[in-house]
Amino acid sequence: MRKLRIGVIDLVANGPAHALWARLMNANLASIMPQVIGVWCEEAGHSVSYVCYTGFEDLNAALPAETDIVFIGAFSETAQLAYALSALYRQRGTVTVLGGPHARCYPEDSVQYFDYVLGFTDQSIIDDVLRECAPHRPIGLSIAAPRQPLQLPGVRARWRFIKETLDKAPAIKIVPMLASLGCPYTCSFCIDSTVDYQPLDTNQLRDDLRFLLTKFRQPHVAWHDPNFGVRFDETLGAIEDAVPPGRIDFIAESSLSLLSEDRLPRLKRNGFKAVLPGIESWYSLGNKTKSGRVVGMDKVRQVADHVNMVLSYIPYMQTNFVLGLDTDEGPEPFELTKRFVDLAPGAFPGYSLLSAFGRAAPLNLDLKRAGRVLPFPHHFLNNNLAMNVKPKNYEWGPFYDQVIDLTRHSFSWRSVARRFKATRATIPRWMNVVRAVSSEGNGRIQYHSAVRKLLDTDATVHRYFDGETDVLPSFYADRMRHDLGPFMELLPEGGARHDPNAYLRAEAAAPKPADGLTPVQARRARARAAAAATAAALHPAAPAPIPQS
Ligand code: SF4
């Protein structure tokens with residue numbers, strides 16, 4: 001195989017960023033998979049130029065030049081920028097590949113703009129793409145491995161990409177690591193709810209942590225596991241083998257049910273400084289918070305006690321909520337969250353508007369069948385700029401009133417001061433203040449208030465939200481144009497729109513797995529079918545054997 005010039009682009013931002021929080025944190029939000037792909041490409045003997053776009057670079061100048069093939073990693077909110085970049089590279093004769101959550105969620109849309117669209121990706125998929133490296137136009141190849149890889153290149157192997165990105169972080173530098181993939185929980189709105197839980201090799205984890213101790217005086221590590229600590233003793237044991245207590249600061253997303261009191265002293269001893277559990281709802285998903293069937297105010301008290309207990313061991317905590325779930329009705333869920341903010345003042349509340357990301361979650365099929373998914377461009381799908389699911393139990397105006405009221409309460413000076421006082425460590429204290437006065441607090445209040453006003457004053461907005469028209473209101477079109485700047489001109493015809501029901505149509509047309517399969521067996525059967533299609537597309541003469549699960 002000839003030596004290829006390969007570009008790898010990780011899109012953290014969908015346009016120029018300005019907020020202070022983004023300045024501090026965006027370089028710490030780089031994804032692991034683009035770095036992994038960079039490693040695999042180099043292992044195959046090719047030369048790799050890598051860029052993580054954080055919103056603070058001159059993107060035109062930062063883009064890898066002189067490439068035979070470019071891999072772009074994108075979340076849905078960066079999809080329009082990714083499509084524009086693909087068009088730019090195709091004009092230059094480069095083959096383009098899309099990976100990341102957007103590729104998994106919206107393959108039907110993405111194949112219109114890329115030569116290859118990757119679902120689950122392992123090294124053999126990358127090797128196949130590099131070996132072929134051919135344009136597929138007008139419709140690209142959608143390809144996938146049957147499951148997540150069993151092992152990924154670790155920090156030592158990814159170091160040059162990690163360093164290049166963290167050099168852009170002005171203050172705290174946080175290294176992304178993984179101890180596991182998938183999640184054993186089944187939250188119906190979550191992309192990881194259908195990915196089998198799988199721990200990664202603890203020997204590599206030990207080696208990576210020891211390696212990091214040679215690179216920083218006090219390293220910071222963010223575990224990118226969807227749910228850290230499912231195999232608690234095994235993972236903590238590996239950390240304890242490699243790291244003297246307190247020599248590395250750790251951040252992890254972990255369910256409250258995993259953060260039980262008997263485990264917290266061990267987490268504290270081992271340098272866990274921040275945890276981000278999902279609470280999601282006061283009426284459902286009790287297994288995640290260990291609150292079982294307790295709901296309403298009783299759940300608020302129980303979870304607040306639990307959160308305060310966690311905060312007595314771990315200095316920083318973000319508690320995540322989904323707003324607009326079907327179990328919510330009237331002002332009560334919002335009032336309960338306000339009570340929670342008061343009862344657990346040290347926790348930073350993170351709010352997400354219920355969103356349906358294409359194929360991400362099983363729930364999305366039901367929402368599409370019910371005609372509740374709106375065609376907001378992907379650019380706005382970041383759980384906050386737009387809610388693309390019509391709420392079941394709210395009209396839009398009253399819903400936004402509640403969202404604004406809750407956000408104001410959570411980031412009022414009173415709440416900010418109480419959070420400051422309830423947080424003992426200096427850096428977490430000030431991080432909370434910066435977040436509140438930056439994009440996540442004040443920024444969201446202003447944005448949601450602007451949308452709320454338009455719902456009253458701009459019929460095009462109201463009709464779009466009610467699904468009566470798919471003509472994007474100028475408020476959103478102007479914002480997208482502003483964010484994309486000169487790249488808007490490169491966005492291919494139709495690239496700002498998508499069919500929100502493509503997944504539903506594809507499911508309806510797909511051959512059904514044999515009757516009598518459990519949902520997990522059916523999912524695996526579909527993954528095997530996708531892998532077989534991949535093998536047939538890339539090796540038409542000799543299809544690869546289909547792995548059995
Ligand atoms: S516990 Fe978290 S990661 Fe796991 S399925 Fe639920 S939301 Fe997703």
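The values are calculated or read from the model by the stated rules, or taken from the named source; none is laboratory data. What you are looking at is a predicted structure, and each value in this text was computed from that prediction instead of being measured. Virtual Cβ from ideal backbone geometry, glycine too; neighbours counted across all protein chains shown. These area figures cover heavy atoms from the full protein model, side chains too; ligands, DNA and RNA do not enter into them. Shrake-Rupley method; radii C 1.70, N 1.55, O 1.52, S 1.80 Å.
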Practice problem: For Gly229, state whether it is among the small types (Gly, Ala, Ser) and surrounded by 21 or more Cβ atoms within 10 Å (Cβ to Cβ). | Solution: yes
Exercise. Name the one entry in Pro345, Pro377, Pro391, Pro349 that is closer than 21 Å to Thr319 by Cα, modelled with pLDDT of 95 or more and within 23 Å of the chain's Cα centre (by Cα).
Key: Pro349
Quiz item: Would a scan of region 250-268 turn up a residue that is under 24 Å from the mean Cα position of the chain (by Cα), more than 30 Å from Gln218 (Cβ to Cβ) and either of a type in the set (Asp, Glu) or outside the structural domain of Phe211 (by TED's automatic domain parsing) (or both)?
Solution: no
Quiz prompt | Among (1) under 17 Å from Ala82 (Cα atoms); (2) surrounded by fewer than 22 Cβ atoms within 10 Å (Cβ to Cβ); (3) within 19 Å of the chain's Cα centre (by Cα) - the single one Val117 does not satisfy | solution = (2)
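Here are some residues: Leu343, Leu259, Leu353, Leu264. Which one is on the phi < 0 side of the Ramachandran plot, of a type outside the set (Val, Ile, Thr) and buried (at least 22 other Cβ atoms within 10 Å of the Cβ)? Step through it out loud before you land on a result.
Numbers: Leu343 fails: buried (at least 22 other Cβ atoms within 10 Å of the Cβ); Leu353 fails: buried (at least 22 other Cβ atoms within 10 Å of the Cβ); Leu264 fails: buried (at least 22 other Cβ atoms within 10 Å of the Cβ).
Step by step, each of Leu343, Leu259, Leu353, Leu264 is checked, and only Leu259 is on the phi < 0 side of the Ramachandran plot, of a type outside the set (Val, Ile, Thr) and buried (at least 22 other Cβ atoms within 10 Å of the Cβ).
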Exercise. Give me the pairs, please: first residue somewhere in region 43-61 and assigned to a loop (DSSP other than H, G, I, E, B), second residue anywhere and among the hydroxyl-bearing types (Ser, Thr, Tyr) and open to solvent by less than 10 Å² (accessible area, probe 1.4 Å), beta-carbon distance under 9 Å, and either six or more positions apart or on two chains.
Key: Thr54/Thr165
Quiz prompt | Every residue from region 193-207 that is under 16 Å from Ser255 (Cβ atoms), open to solvent by less than 30 Å² (accessible area, probe 1.4 Å) and free of Cβ contacts under 8 Å to residues at least 60 places away in the same chain | solution = Val195
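For region 162-199, name all the residues that are in a helix (DSSP H, G or I) and closer than 22 Å to Leu20 by Cβ. Break it down stepwise before answering.
Let us first name the residues in region 162-199 that are in a helix (DSSP H, G or I), namely 162-166, 191-194.
Result: Thr165, Leu166.
Step by step: first the residues of region 271-328, then only those that are of a type in the set (Gly, Ala, Ser) and within 13 Å of the ligand (Cβ to nearest atom), then the one that is modelled with the lowest pLDDT. Which residue is that? Walk me through how you get there before you give the answer.
Filtering region 271-328 for residues of a type in the set (Gly, Ala, Ser) gives 271, 274, 278, 281, 284, 286, 291-292, 296, 304, 312, 324.
Narrowing further to those that are within 13 Å of the ligand (Cβ to nearest atom): 278, 281, 284, 286.
Values: Gly278: 92, Ser281: 91, Ser284: 84, Gly286: 74.
Ranking the candidates gives Gly286 first.
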Exercise. Inspect all residues belonging to region 193-206 and state whether any of them is of a type in the set (Lys, Arg) and more than 15 Å from Ala238 (Cβ to Cβ).
Key: no
Exercise. Could you grab me the full set of residues in region 120-161 that are open to solvent by 20 Å² or more (accessible area, probe 1.4 Å), of a type in the set (A, V, I, L, M) and in a strand (DSSP E or B)?
Key: Leu141
